[in-house]
Amino acid sequence: MSDNTPRPASNENYLLISAFSAAEKSPLVAVSKRISECGCNLAEARVSTLGNELSVLALAQGAWDAIAKLENALARLDRDGELRLTHFRTSAKQQQSNLLPYVVEVVAADKPGVLFQLAEFFAQQNISIEQLHSTRYRAMQTGADMFSAQITIGIPNTTHIAALRDDFLEFCDGLNLDAIMDPMKF
């Protein structure tokens, strides 16, 4: 049986890597070192501290044999036990010129389900969440438990922006969320 799937161009192979470790043993150094040693490029990376763990999301790009070499190097690194790793092959993100980038910022008293409700609102509107950063914190001035989120969304260019903004602000008012939605300016 032959596979008719076209092989990607020589440098169009991608490996998505997720690594976690204790904050003092940064997985960024270990992962980026393996990417470089295997002849791949680091196309994108995200680093975050969550709890007591440091997380790294990395997208490596390279020739198919370099990606295969990287997969083996990561498997050895995972077996060493200092990092928790997962990885899989993927492709480059397709440009979506029909999506308008907007930034949403939300601040509210913390309560269970706020992030779910925000995600559900955007999903129901067929709006993609491109990036998200949320946190829970205690307000210095009052000691109140607070929720904060910064979300980058992709709004289809056929969407009536004023109506969407009205619906979103009404949704936020109903949940007692302080929010703004503005076009991304860069």
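The values are calculated or read from the model by the stated rules, or taken from the named source; none is laboratory data. Bear in mind that the values here come from a model prediction, so they are computed numbers and not experimental data. Virtual Cβ from ideal backbone geometry, glycine too; neighbours counted across all protein chains shown. When the accessible area is computed, the model is the full protein with side chains, heavy atoms only, and any ligands, DNA or RNA have been set aside. Shrake-Rupley method; radii C 1.70, N 1.55, O 1.52, S 1.80 Å.
D for the chain, whole µm²/s, Stokes-Einstein with Kirkwood Rh over alpha-carbon pairs at 10 °C and 1.306 mPa s: what number?
Numbers: Rh = 19.3 Å.
In µm²/s, the coefficient rounds to 82.
Just name one of ALA68, TYR14, GLN131: the one whose Cα is farthest towards the positive end of the charge dipole of the chain (beta-carbon charges, Lys/Arg +1, Asp/Glu -1).
So the residue furthest toward the plus end is ALA68.
Can you work out the FRET efficiency for the pair LEU50 and VAL103, with r the C-beta to C-beta distance and R0 = 25 Å, to the nearest 0.05? Write down the numbers at each step before the final one.
Details: r = 22 Å, r/R0 = 0.88.
That pair, LEU50 with VAL103, gives E of 0.70.
Set the Förster distance to 25 Å, then compute FRET efficiency between ALA139 and LYS185 from the Cβ-Cβ distance, nearest 0.05. Working shown, then result.
Numbers: r = 28 Å, r/R0 = 1.13.
For ALA139 and LYS185, the calculated efficiency is 0.30.
Across segment 98-186, how large is the tail of the calculated P(r) beyond 22 Å, expressed as a percent of all Cα pairs?
On the way: 964 of 3916 pairs.
Here the tail beyond 22 Å accounts for 25 percent of pairs.
Kindly write out, for segment 152-166 in residue order, the coupling ³J(HN,Hα) from the Karplus curve 6.51 cos²θ - 1.76 cosθ + 1.60 (θ = phi - 60°), rounded to whole Hz, with x marking Gly and Pro.
9, 10, x, 9, x, 5, 8, 6, 6, 4, 4, 5, 4, 4, 4
Between GLU12 and LEU175, what is 0.36 nm times their sequence separation minus the Cα-Cα distance? Round to one decimal in nm. All intermediate terms of the calculation are to be shown ahead of the outcome.
On the way: separation 163, 0.36 × 163 = 58.68 nm, distance 4.46 nm.
54.2 nm is the gain from fully extending GLU12 to LEU175.
Please give me, ordered by residue number, the GluC sites (Glu not before Pro) of segment 88-186 that lie in loop per DSSP and have at most 11 other Cβ atoms within 10 Å. Don't skip to the end; give the middle numbers.
Details: sites: GLU105, GLU120, GLU130, GLU170; in loops: none.
Qualifying residues, ordered by number: none.
With a 1.4 Å probe and all protein chains left in place, how much accessible area per residue does segment 1-133 have, in Å²?
Numbers: 8450 Å² over 133 residues.
Result: 64 Å² per residue.
With θ taken as phi - 60° and the coefficients 6.51, -1.76 and 1.60, list the Karplus ³J(HN,Hα) couplings across segment 91-104 in order, rounded to whole Hz; mark glycine and proline as x.
My calculation for segment 91-104 gives 10, 5, 5, 6, 5, 10, 5, 8, 9, 9, x, 10, 10, 10 Hz in order.
Would you work out what percent of the accessible area of segment 78-128, with all protein chains in place, is carbon or sulfur (probe 1.4 Å)? Spell out each step's value before the answer.
On the way: 1740 of 3510 Å².
Answer for segment 78-128: carbon and sulfur cover 49 percent of the accessible area.
Assuming R0 = 22 Å, what is the FRET efficiency of ASN157 and GLU120, from their Cβ-Cβ distance, to the nearest 0.05? Walk me through the intermediate numbers first.
On the way: r = 23 Å, r/R0 = 1.03.
Step by step, r from the Cβ atoms, then E = 0.45.
So which trypsin sites (Lys or Arg not before Pro) in segment 12-89 pass both tests, a DSSP loop state and at most 14 other Cβ atoms within 10 Å of the Cβ?
Numbers: sites: LYS25, LYS33, ARG34, ARG46, LYS69, ARG76, ARG79, ARG84, ARG89; in loops: LYS25.
Sparse-neighbourhood loop trypsin sites (Lys or Arg not before Pro): LYS25.
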